[in-house]
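Presented below is the structure to which this report refers.
Only the coordinates and a few stated rules stand behind these numbers; no lab work does. Bear in mind that the values here come from a model prediction, so they are computed numbers and not experimental data. Positions of Cβ are backbone-derived with ideal geometry, glycine not excepted, and every protein chain shown enters the neighbour counts.
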């Protein structure tokens, strides 16, 4: 169970490694919410490429917590390396929060999509 938060040029990335619990995912969301460098305008990449999600019984509790987080509402989020069942739950939660979420298998494609969102945001600002 390990994670890292990386602040890139125009995005923030939560990188998970090894076995990842829903409790750890919540702690990362809370850390992002408290960081001024991860403001809602900054696109978010959530990277599970080197991770295995555990505690499937906690998924509903996790989704309830996510849906109570105002930092997610309206945000552009790309997820990479997430399995089908977990991806479906994330997409449903994002839709309920008016977040813009896409799931990718490739990190570069996810960053490209987020970059397009960033450019569009800057032009419209």
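Of note:
- Rounded to the nearest 500, the helix-only mean residue ellipticity at 222 nm of the chain stands at -13500 deg cm²/dmol, with each DSSP H run of n ≥ 4 adding -39,500 (n - 2.57).
- Counting only DSSP beta bridges whose two residues both lie in the chain, roughly 25 percent are antiparallel.
- Highest-first arrangement of 29-39, 12-22, where packing means the average Cβ count within 10 Å: 12-22, 29-39
- The ellipsoid that matches the Cα gyration tensor of the chain has semi-axes, each √(5λ) in whole angstrom, of 22, 16, 14, with the longest given first.
- Cα long-axis angle, helix 22-34 against the chain (0 to 90 degrees, to the nearest 10): 30 degrees
- Ellipsoid semi-axes in whole angstrom, largest first, where each is sqrt(5λ) of the Cα gyration tensor of segment 38-111: 18, 17, 10
- Scattering from segment 8-81 was approximated by placing one identical point on each alpha carbon and applying the Debye formula without solvent; log10 I(q)/I(0) at 0.13, 0.20, 0.28 1/Å stands at -0.37, -0.90, -1.48.
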